[in-house]
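Asks: Let me give you the structure first, and then I'll get to my questions.
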Amino acid sequence: MVGDSPMAVSKVDLADGRTLIDLTGDTVTSDKVVQGYTGHLANGDLFVGTMPNNGAQTKTMDGLTTTSVTIPAGYTTGGTVSLTDAIETALAAI
């Protein structure tokens, strides 16, 4: 969190009764926002995101000695998980 400012505003109501902005029902927290981006808590306080930005992920496994891969927690732009031809080679040798 950037600060617990006593000046933070979480809701702005206009004189005509309309609500301009209302953050009081927001549930976003710093761990749900990518590092470096900012947001506001339900109480109006500003925060900086802490979710790791992992970019694109590319992983491979052979299906014999490696049967799973770990995608790190955080934001990812996508990617691929590929299976090598090790299984086909092993089966062909039988």
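Asks: Quick one: in region 1-29, of everything that is aliphatic (A, V, I, L, M) and farther than 30 Å from THR77 by Cα, which residue is modelled with the highest pLDDT? Give the derivation first.
Replies: Filtering region 1-29 down to residues aliphatic (A, V, I, L, M) leaves 1-2, 7-9, 12, 14-15, 20-21, 23, 28.
After this cut, where a residue has to be farther than 30 Å from THR77 by Cα as well, the list is 7-9, 12, 14-15, 20-21.
Values: MET7: 62, ALA8: 78, VAL9: 84, VAL12: 91, LEU14: 91, ALA15: 94, LEU20: 90, ILE21: 88.
So, considering only residues that are aliphatic (A, V, I, L, M) and farther than 30 Å from THR77 by Cα, the one modelled with the highest pLDDT is ALA15.
Asks: Now for a different question. Return only the number of the condition from (1) basic (Lys, Arg); (2) more than 19 Å from the chain's Cα centre (by Cα); (3) modelled with pLDDT of 95 or more that LYS32 does not satisfy.
Replies: (2)
Asks: For a quick check of your reading of the model, give me the residue pairs whose first member lies in region 76-93 and is more than 17 Å from GLY55 (Cα to Cα), whose second is basic (Lys, Arg) and surrounded by 10 or more Cβ atoms within 10 Å (Cβ to Cβ), with beta-carbon atoms closer than 8 Å and at least 6 apart or on different chains.
Replies: SER82/LYS59
Asks: I would also like to ask the following. Between residues in region 20-33 that are within 10 Å of SER10 (Cα to Cα) and residues that are among the small types (Gly, Ala, Ser) and part of a strand (DSSP E or B), which pairs lie under 9 Å by C-beta distance while being six or more apart or on different chains?
Replies: ASP26/GLY39
Asks: Oh, and also: In region 34-65, what residues are touching a residue at least 40 places away in the same chain (Cβ under 8 Å) and of a type in the set (Lys, Arg)? Steps first, answer last, please.
Replies: Of the residues in region 34-65, the ones touching a residue at least 40 places away in the same chain (Cβ under 8 Å) are 34, 41, 45-48.
Of everything in region 34-65, nothing turns out to be touching a residue at least 40 places away in the same chain (Cβ under 8 Å) and of a type in the set (Lys, Arg).
Asks: Could you list all residues from region 49-69 that are farther than 30 Å from TYR37 by Cα and aliphatic (A, V, I, L, M)? Lay out the reasoning, then the answer.
Replies: Looking only at region 49-69, we keep the residues that are farther than 30 Å from TYR37 by Cα, and these are 60-68.
Those that are farther than 30 Å from TYR37 by Cα and aliphatic (A, V, I, L, M): MET61, LEU64.
Asks: Mind checking which residues of region 57-77 are surrounded by 13 or more Cβ atoms within 10 Å (Cβ to Cβ), β-branched (Val, Ile, Thr) and more than 21 Å from LEU91 (Cβ to Cβ)?
Replies: THR76
Asks: On to the next question. Checking the condition in a loop (DSSP other than H, G, I, E, B) and more than 11 Å from the chain's Cα centre (by Cα), which residue from ALA42, ALA73 passes? Step through it out loud before you land on a result.
Replies: Working: ALA73 fails: more than 11 Å from the chain's Cα centre (by Cα).
Exactly one residue qualifies, and that residue is ALA42.
The values are calculated or read from the model by the stated rules, or taken from the named source; none is laboratory data. Source: prediction; values computed, not measured. For neighbour counting, all protein chains shown are included, and Cβ atoms are generated from backbone atoms with ideal geometry for every residue, glycine included.
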